[in-house]
Structures are given as C-alpha cells and as structure tokens.
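Comments concern the structure below.
The values are calculated or read from the model by the stated rules, or taken from the named source; none is laboratory data. Given the structure is predicted, the values throughout are model-derived calculations rather than measurements. When we count neighbours, we look across all protein chains shown, and the Cβ atoms used for this are built from the backbone with ideal geometry, even at glycine.
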Amino acid sequence: MLYLIGTGLYYLNDLPLRAINEMKECDEVLLERYTNLNDISFLKELEKDIGKKIEVVGREVMESDIILEKAAKEKLAVLIPGDPLAATTHFSLIQECKKRGITTRIFHSSSIFTAAGETGLSLYKFGGTTSIPIYSEHFHPESFFDVIEKNIECGYHSLVLLEVKNKEEFVEPYKAIEILKGIERKKEIKIIDWKNVIVISKIGSDEQKILKANNNEIKNLEPPCSLIITGKLNENEKEALKTIN
Ligand SMILES: C[S@@+](CC[C@H](N)C(=O)[O-])C[C@H]1O[C@@H](n2cnc3c(N)ncnc32)[C@H](O)[C@@H]1O
C-alpha cells in the first residue's frame, strides 16, 4: 500500500489531519523535499504524534524501485511538499503501483497552483505553467519563454516556477526577470507587461511576500519563489493588482 501525502504549501503541519491519523497506522513514513523547499520544523513533533521516525529521502530513492518494493510489502506513506501531484513526477509511482497490483491513496493538499489566486488573478485565466531552472556554465535553456509567449498570445496568465535546491541555491526572482528581459531583447519583441508582473515568495508562510516586479524588495526574497506574468486583465484583476506594491 502506498500513500502519497501532500504536506501543503509551506509548513509541515499544513498536513491534512486525516493524513496524520493514517500515518499512525503505517509501517513506514518517508519525506521527500527535493521537489520544493518547505519548513519541516514540525518534524520532531509529528514523529512523536504518529509514534514513528520519518526518514528524509532524495530523488535517487523516489525514482528507484525502493519505494515500490517497500509498498508491495508494507503500508508506506511518503510525504510530499504542496500537493503530491502538482508539478512533480510522482504520478509515475501510481502508474507503476497499478501495474504491480499495489493499492495507492492520494491525500491532496494546498498547492502553489491554487495559492496563486491570492494575487487576485483569476485561476480560470491561467495558461500552461512553466519553470526556470538554475543556470550553469553550459546549461541555459530558454524554452520556458515559448510557454509564456503562447499564453500571452491567448491572453492567459503564466505561473512561472523558479527552481529551488536549498536556501542558497535557487533562481532568484530578479535574476529570472533579467533572463526574461534578455530573451525579449534577443528576440526583439516586447510582449511582457512588466508593470503587472507579480513576484510571490514563501506563500502560505508567516513571511510571505506578493510584490510587483519593479519593487526593489524583490532583491531580498527567500525561496520558494515564483513569478506570474499576467495576460489580459479583467476589471476585477486590474483592481486587485492596484493593491500590490
Ligand atoms: C516543483 S514545484 C512543486 C509544487 C508543489 N508540489 C505544490 O503543489 O505546491 C516547486 C516550485 O513551486 C513554487 N513554489 C512552491 N511553493 C511555493 C510557495 N510557498 N511560494 C512561492 N512559490 C512556491 C516554486 O517556484 C518552487 O520552486
């Protein structure tokens, strides 16, 4: 049996209460943190609450056969930041379990995909999501721009996820903005409405920030962060954006 449990947007204790009760009945509980950086200061308390240790596992474990082998033998729960199936590759685990006759249960949770609604932008009007990865010497893709361009053509907003490895290694919003402006210059186009680009950081935490891209404060944001490139705005959205600095 495999339980994939979303821990919610930021704090580990954003967990659904029902999932905590289920974890008490599990043989083993693992926690993955490579798909997002969340706050796990509640870990010790949670371990006490459910009466077992929680092991933190990386991508190498999640993408190996270890999870499937364990789930074939025991009741295994894996905790995943946000919603377990939003911008993760964990659906492949469900597929594989189905093939092997292993029962799965998903506990959905709050996610950046819906929290983006806190900006006042209508979730009905978002197009495809894209992400900007951490650049290195020989790795600087630009394909995310195609998604943004298509969305803008259709009048849709774009949620742009910014990769985060840890507190020090992440795509800083101001750098993502420099990259996007650089691509616009290279393509000799001006399609992004820079006055209405929104930067969001640590949404769901006590330190969350929602700022316009031209606000100087965006240079000091902590991860996880995302950008929202707005498409065609309706009157309600225009009003909502007026309240963001
Ligand atoms: C690979 S996605 C995983 C999303 C997660 N499964 C969920 O449902 O929220 C991680 C990215 O989402 C964005 N993100 C996640 N939580 C966030 C938050 N609380 N505030 C701002 N951006 C966030 C960041 O861009 C981060 O790099």
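Step by step: first the residues of the range 194-210, then only those that are of a type in the set (A, V, I, L, M, F, W, C) and assigned to a loop (DSSP other than H, G, I, E, B), then the one that is farthest from the ligand (Cβ to nearest atom). Which residue is that?
The qualifying residue farthest from the ligand (Cβ to nearest atom) is VAL197.
Just the residues that are among the polar types (S, T, N, Q) and touching a Phe, Trp or Tyr at 6+ places or on another chain (Cβ under 8 Å), please, taken from the range 188-207.
The answer is SER205, and nothing else.
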Single residue of ILE152, ILE191, ILE134 found to be at negative phi and not in a loop (DSSP other than H, G, I, E, B): ILE152
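What residue, of PHE170, PHE145, PHE126, is surrounded by 18 or more Cβ atoms within 10 Å (Cβ to Cβ), among the aromatic types (Phe, Trp, Tyr) and away from the ligand (no atom under 16 Å from the Cβ)? Before the answer, list the steps.
Details: PHE170 fails: away from the ligand (no atom under 16 Å from the Cβ); PHE126 fails: away from the ligand (no atom under 16 Å from the Cβ).
Residue meeting the stated conditions: PHE145.
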Residue hits (the range 33-44; crowded, with 16+ Cβ neighbours inside 10 Å and in a helix (DSSP H, G or I)) are LEU43
Please find, within the range 148-167, the residue that is nearest to LEU227 (Cα to Cα) out of those that are more than 14 Å from the ligand (Cβ to nearest atom) and out of contact with any Phe, Trp or Tyr (no Cβ under 9 Å at 6 or more places or on another chain). ILE148
Those residues of the range 149-169 that are without any contact (Cβ under 8 Å) to a residue 24 or more places away in the chain and either touching a Pro at 6+ places or on another chain (Cβ under 6 Å) or farther than 20 Å from VAL197 by Cα (or both) come to a total of 1
Just to check your reading of the model, which residue among ILE228, ILE210 is closer than 21 Å to GLY155 by Cα and aliphatic (A, V, I, L, M)? ILE228
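Does ALA115 count as in contact with a Cys (Cβ under 9 Å, 6 or more places away or on another chain) and within 30 Å of GLU235 (Cα to Cα)?
Considered against the rule, which asks whether it is in contact with a Cys (Cβ under 9 Å, 6 or more places away or on another chain) and within 30 Å of GLU235 (Cα to Cα), ALA115 comes out as no.
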Count - residues of the range 16-32 that are at pLDDT 95 or above and not in a helix (DSSP H, G or I): 8
What number of residues within the range 33-48 satisfy the criterion of being in contact (Cβ under 8 Å) with a residue 60 or more places away in the chain and either assigned by TED's automatic domain parsing to the domain that holds LEU162 or small (Gly, Ala, Ser) (or both)? 0
